[in-house]
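Structure first, commentary second.
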Amino acid sequence: MPQETGHITGTKDKDYDITWFVEQCLSNALRLDTFIEDAERDGDVQLADFFRRAQGESRKGAEQGKEMLKQRL
């Protein structure tokens with residue numbers, strides 16, 4: 001399958017990649033909310049804290065990616 005390099009979408013690969021990364025980080029942060037609730041419902045504080053830390057990292061990645069986009073677009 002040929003690689004799309006912006007000819008079809010009008011978006012350079014690197015800009016698309018940053019956009020994709022931000023979307024994945026935000027999606028992951030949302031999904032982790034469910035995981036946190038599941039762990040809390042089961043009384044697993046350690047797992048809930050683990051998912052909270054992971055959620056924080058996903059939010060951080062999204063914020064960093066958004067800053068990169070702002071600088072480059």
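The values are calculated or read from the model by the stated rules, or taken from the named source; none is laboratory data. This one's a predicted model, so the numbers in the text were calculated from it and none came from an experiment. Just the protein is used for accessible areas: all its heavy atoms, side chains included, with ligands, DNA and RNA removed. Shrake-Rupley method; radii C 1.70, N 1.55, O 1.52, S 1.80 Å.
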With everything on Cα atoms, drop me the angle between helix 13-41 and the longest principal axis of the chain, reported from 0 to 90° to the nearest 10. 10 degrees
Quantify, in whole percent, the carbon and sulfur part of the accessible surface of the chain (1.4 Å probe; protein heavy atoms only). 55 percent
Taking just the alpha-carbon atoms of the chain, what radius of gyration and Dmax come out, in angstrom? 16.3, 51
Degrees separating the helix 45-72 axis from the principal Cα axis of the chain, which is the longest one: 20 degrees
Rg and Dmax of the stretch 31-73, using alpha carbons, in Å: what are they? 13.9, 45
